[in-house]
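Trainee: One structure, pasted below without further comment.
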Amino acid sequence: MSNKLLFVLLAIVLLASAGASLIQTSGGVVQVHDFKLPTQNGQWLVADLFKPRSATAESPSPLVVVVPGFQRSKEALSNIAIELARRGIVVISIDPYAQGGSSASMSRRAATTEGYGMFAVVEYAAGTPNLNYVDKARIGATGHSAGGNAAIRGASYFGKEAQQSGEPSKLHSVFVSGYVLTLTDEVLRDVRSNVGMSYAYYDEGAYRNELKNADMRHAPEALRLVNSARTGGEVMLDEITPGRYYGNVKERNLRVVYNERILHPFQPYILEATANQIEYFEKAFAIDSGLSSRDQIWYWKELLSLISLVAAIVLLVPMGQVLLRIPVFDSLVHPLPPALPRPQGRGKALFWVLFAVAALIACFSYIPMSELSQKLFVAASTREQTWFFPQRMNNAVMMWAVLNGLVGFLMFWLSFRFHGKRNGVVAEMWGARIGASELCRTAALALTLFALYFLLLFTIYYVFHVDYRFLFMGVRIFRPVELVLLVMYAPFFFLFFLSNSLRVNGALRTAGQAEWKSMLIAGIGNSLGLLLIVVVQYVTFAMTGTVYWTDGWLYINLLFAVVPMMFVLPYFNRYFFRLTGRIYLGPMVTCLVFIMILLTNTVVYLPL
């Protein structure tokens, strides 16, 4: 059965990836390649080039540089790249500095001073003869969140340059999504580009805006943007109409403001917001593609990539089952220990009390651990290049994981000491007994599964130029240096993963309870604390208009990707426990795979 499941899942991954690639290339109409661009100070950028076949030297097309936001890579905004490219626009989607495959930056304010690398791409595109299929008079940029800041900063930067040279700005048009903090007079006065702007009506960061809300009709930031282009005796506006165009394309003072009713992290992934960008660039570049702005296909790629994501991670289990049959690993298979007696009376009450306490500790420790990480890992927290735990956001998650892993061990011991030991529970039921030799072979098997999992991903990426992802949650290929980071971070995270496996298999596996119910309780218990944080954050937001955690709201947004991982983790720990009769293979495999996923999806300030 495991062989059949293995091949079925492998086929699903390959077919879904091929389908995602077909969508990404618009059925072969668009060529997609990645490239690496050397930039200033020894830095470099990694980017994807979306080239429509219609873009030629004889008929050059406009170019748009896509800049993802904080914690995002070039694949995260492939939706807008796909839709613009299928309408005849060349697109370069970059990995921002310190994210994805790009290097760190010598600047600690890379989005502001370098456009996350976008400035260098625009300079290159405007000056090189290599991109002879690009219309150098129609170069644009778009970005979301910190990428939006990069876009408007680019308009200001190239606007200053244009004033000095007497030539038009190299940036013909920009679109700013999810960021208004730099729509100030100081920045806007030098802009010599058409500007579109989009801001989520339910943006969690709106408490920082001048009116403390996200309604753009009277927002000073939006009014300054539109009024910055008013010429002659035109009356300054005190209210704008979202979706209405102001100004003139040829004079490069076109302005439009959108205000979609969505949350900040999900803004780029709705049809309305994507349609708004399509309409803006078609108008700015005077393009008539013949396609409606609502004629979009990008979400099919997201669906197919999600199928690949799920199938590939499930693939670890039958792959492990097959490897456990070969002689070097077959001795790792042991009979399942007997399940624990089902708790009754006081034992049952103690179980649910500890369940609730663990969830509450997980909930209330997250933000304090995030704050503590900023004090312990100062260099990463201040965006300095460092080899000492260089991932600002992962440092926070790691601190939380260490604390809650230790709490998990403590609660397991308390439960055994004051109840289990007196009610028939013995250590042999936990599946924790293991010798040094067997532990080493278990680690070797985990490393083999890790290598095979990512070997498949690298093969998929090489053949189809897609990875496994859904919206902003993705499994990316990694650079060799990130293996060093894995060695650095994994031992600390392993405390949590091993603690979880012990609790899932040594405390939550009770006699007479259905397996599905046992794993569901484990999944809920493992993710409930973090889920409560999200609930508190957004219930407060819905009731008051301001999120509960303001300064730490980016750490809360990170949980949209972490909570699903926490929910499925116990399932893998249980399945690998059933394969080996021991608690170790599951946390070893999941720690290696899940932590590498985290490492490749967050900022990293490694020295150049």
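The values are calculated or read from the model by the stated rules, or taken from the named source; none is laboratory data. Keep in mind that what you see is a predicted model, and the values were worked out from it rather than measured. So basically every Cβ, Gly included, is an ideal-geometry build from the backbone, and we count neighbours across all protein chains shown.
Trainee: For segment 310-356, which residues satisfy the criterion of being closer than 30 Å to residue 20 by Cβ and either assigned to a loop (DSSP other than H, G, I, E, B) or touching a Lys or Arg at 6+ places or on another chain (Cβ under 6 Å) (or both)? Even if it seems obvious, please write down each step before you answer.
Mentor: So in segment 310-356, the residues closer than 30 Å to residue 20 by Cβ come out as 310-323.
Answer for segment 310-356, where residues must be closer than 30 Å to residue 20 by Cβ and either assigned to a loop (DSSP other than H, G, I, E, B) or touching a Lys or Arg at 6+ places or on another chain (Cβ under 6 Å) (or both): just 315.
Trainee: Restricting attention to segment 327-356, report how many residues are over 37 Å from the mean Cα position of the chain (by Cα) and of a type outside the set (S, T, N, Q).
Mentor: Of the residues in segment 327-356, the ones over 37 Å from the mean Cα position of the chain (by Cα) are 327-328, 330-331, 334-350.
Of the ones still in play, those that are also of a type outside the set (S, T, N, Q) are 327-328, 330, 334-343, 345-350.
Going through segment 327-356 one residue at a time, the tally reaches 19.
Trainee: Residue check: is residue 156 over 24 Å from the mean Cα position of the chain (by Cα), crowded, with 21+ Cβ neighbours inside 10 Å and assigned to a helix (DSSP H, G or I)? If you could, list the steps in order and put the result at the bottom.
Mentor: Values: over 24 Å from the mean Cα position of the chain (by Cα): yes; crowded, with 21+ Cβ neighbours inside 10 Å: yes; assigned to a helix (DSSP H, G or I): yes.
Yes; evaluated as a whole, the condition is true for this residue.
Trainee: Same structure, new question: Scan (1) among the hydrophobic types (A, V, I, L, M, F, W, C); (2) under 18 Å from the mean Cα position of the chain (by Cα); (3) more than 21 Å from residue 293 (Cα to Cα) for the single condition residue 76 breaks and write down its number.
Mentor: (3)
Trainee: Then there is this: Return a yes/no flag: does segment 120-136 have any residue that is in contact with a helix residue (DSSP H, G or I) (Cβ under 7 Å, 6 or more places away or on another chain), in a helix (DSSP H, G or I), surrounded by 22 or more Cβ atoms within 10 Å (Cβ to Cβ) and modelled with pLDDT of 95 or more.
Mentor: Yes - at least one qualifying residue is present in segment 120-136.
Trainee: Could you give every pair whose Cβ atoms fall below 7 Å, whose first residue belongs to segment 431-443 and is touching a residue at least 40 places away in the same chain (Cβ under 8 Å) and under 18 Å from residue 323 (Cα atoms), and whose second residue is in a loop (DSSP other than H, G, I, E, B) and not charged (D, E, K, R), counting only separations of at least 6 or pairs across chains?
Mentor: Sorted first by the residue in segment 431-443, then by its partner, the pairs are 438/332; 439/584; 441/332; 442/332; 442/584.
Trainee: Would you mention how many residues in segment 273-288 are farther than 15 Å from residue 81 by Cα and either at pLDDT below 95 or outside any loop (DSSP other than H, G, I, E, B) (or both)? Give the steps one after another, and end with the answer.
Mentor: Filtering segment 273-288 for residues farther than 15 Å from residue 81 by Cα gives 283-288.
From what's left, either at pLDDT below 95 or outside any loop (DSSP other than H, G, I, E, B) (or both): 283-284, 286-288.
Total satisfying the criteria: 5.
Trainee: For residue 41, which of the numbered conditions (1) in contact with a strand residue (DSSP E or B) (Cβ under 7 Å, 6 or more places away or on another chain); (2) surrounded by fewer than 24 Cβ atoms within 10 Å (Cβ to Cβ); (3) at pLDDT below 95 fails to hold?
Mentor: Residue 41 satisfies every listed condition except (1).
Trainee: Run down 549, 516, 553 and say which single residue is of a type in the set (Phe, Trp, Tyr), surrounded by fewer than 21 Cβ atoms within 10 Å (Cβ to Cβ), assigned by TED's automatic domain parsing to the domain that holds residue 357 and farther than 30 Å from residue 69 by Cα.
Mentor: The unique qualifying residue is 516.
Trainee: Name the residues in segment 567-591 that are crowded, with 23+ Cβ neighbours inside 10 Å, hydrophobic (A, V, I, L, M, F, W, C) and assigned to a helix (DSSP H, G or I), would you?
Mentor: 569, 572, 576, 577, 585, 588, 589, 591
Trainee: Name the single residue, out of those in segment 546-557 being of a type in the set (Ser, Thr, Tyr) and touching a residue at least 40 places away in the same chain (Cβ under 8 Å), that is nearest to residue 365 (Cα to Cα). Write out each step before concluding.
Mentor: Filtering segment 546-557 for residues of a type in the set (Ser, Thr, Tyr) gives 546, 548, 550, 555.
Filter once more, keeping what is touching a residue at least 40 places away in the same chain (Cβ under 8 Å): 546, 550, 555.
Details: 546: 21, 550: 16, 555: 13 Å.
Among residues in segment 546-557 that are of a type in the set (Ser, Thr, Tyr) and touching a residue at least 40 places away in the same chain (Cβ under 8 Å), the one nearest to residue 365 (Cα to Cα) is 555.
Trainee: To continue, here is another question. Give the residues of segment 97-119 that are of a type in the set (A, V, I, L, M) and in a helix (DSSP H, G or I), sorted by residue number.
Mentor: Step one: list which residues in segment 97-119 are of a type in the set (A, V, I, L, M), which gives 98, 104, 106, 110-111, 118.
110, 111, 118 - these are the residues of segment 97-119 that are of a type in the set (A, V, I, L, M) and in a helix (DSSP H, G or I).
Trainee: Moving on. Can you list residue pairs whose Cβ atoms sit under 9 Å apart, with the first residue in segment 521-545 being assigned to a helix (DSSP H, G or I) and the second being of a type in the set (Lys, Arg)? Count only pairs 6 or more apart in sequence or on different chains.
Mentor: These pairs meet every condition: 522/503; 522/509; 522/574; 525/503; 526/503.
Trainee: Could you please tell me which pairs satisfy a Cβ distance under 9 Å, a separation of 6+ or placement on different chains, a first residue in segment 240-253 that is among the small types (Gly, Ala, Ser), and a second residue that is modelled with pLDDT under 90 and exposed (fewer than 14 other Cβ atoms within 10 Å of the Cβ)?
Mentor: Within 9 Å, the pairs are 247/231.
Trainee: Right, next: How many of the residues making up segment 193-214 are under 18 Å from residue 551 (Cβ atoms) and either in a helix (DSSP H, G or I) or under 23 Å from the mean Cα position of the chain (by Cα) (or both)?
Mentor: Number of matching residues: 6.
Trainee: Check off (1) out of contact with any helix residue (DSSP H, G or I) (no Cβ under 6 Å at 6 or more places or on another chain); (2) more than 30 Å from residue 108 (Cβ to Cβ); (3) surrounded by 14 or more Cβ atoms within 10 Å (Cβ to Cβ); (4) at pLDDT 90 or above for residue 347 and give me the number that stays unchecked.
Mentor: All conditions are met except number (4).
Trainee: Could you check, for segment 246-256, whether at least one of its residues is buried (at least 18 other Cβ atoms within 10 Å of the Cβ), assigned to a helix (DSSP H, G or I) and assigned by TED's automatic domain parsing to the domain that holds residue 289?
Mentor: Taking segment 246-256 as the starting set, the residues that turn out to be buried (at least 18 other Cβ atoms within 10 Å of the Cβ) are 246-247, 252-256.
Okay, now just the ones that are also assigned to a helix (DSSP H, G or I), so none.
No, segment 246-256 contains no residue that is buried (at least 18 other Cβ atoms within 10 Å of the Cβ), assigned to a helix (DSSP H, G or I) and assigned by TED's automatic domain parsing to the domain that holds residue 289.
Trainee: Given the conditions (1) under 30 Å from the mean Cα position of the chain (by Cα); (2) free of Cβ contacts under 8 Å to residues at least 60 places away in the same chain, which single one is not true for residue 218?
Mentor: Every listed condition holds for residue 218 apart from (1).
Trainee: Report yes if residue 123 is without any contact (Cβ under 8 Å) to a residue 24 or more places away in the chain and closer than 26 Å to residue 185 by Cα, otherwise no.
Mentor: Values: without any contact (Cβ under 8 Å) to a residue 24 or more places away in the chain: no; closer than 26 Å to residue 185 by Cα: yes.
Answer is no for this residue.
Trainee: Being part of a loop (DSSP other than H, G, I, E, B) and touching a residue at least 24 places away in the same chain (Cβ under 8 Å) is the requirement here; does residue 474 meet it? Spell out the reasoning first.
Mentor: Details: part of a loop (DSSP other than H, G, I, E, B): no; touching a residue at least 24 places away in the same chain (Cβ under 8 Å): yes.
In short, no.
Trainee: Just give me the residues in segment 411-437 being closer than 14 Å to residue 503 by Cα, in a helix (DSSP H, G or I) and in contact with a helix residue (DSSP H, G or I) (Cβ under 9 Å, 6 or more places away or on another chain), in sequence order.
Mentor: The answer is 411, 412, 414, 415, 416, 420, 427, 429, 430.
Trainee: Looking at segment 438-470, which of its residues are among the charged types (D, E, K, R) and either touching a strand residue (DSSP E or B) at 6+ places or on another chain (Cβ under 9 Å) or not in a helix (DSSP H, G or I) (or both)? Can you show your working first?
Mentor: Going through segment 438-470, the residues among the charged types (D, E, K, R) turn out to be 438, 441, 467, 469.
Hits for segment 438-470 are 467, 469.
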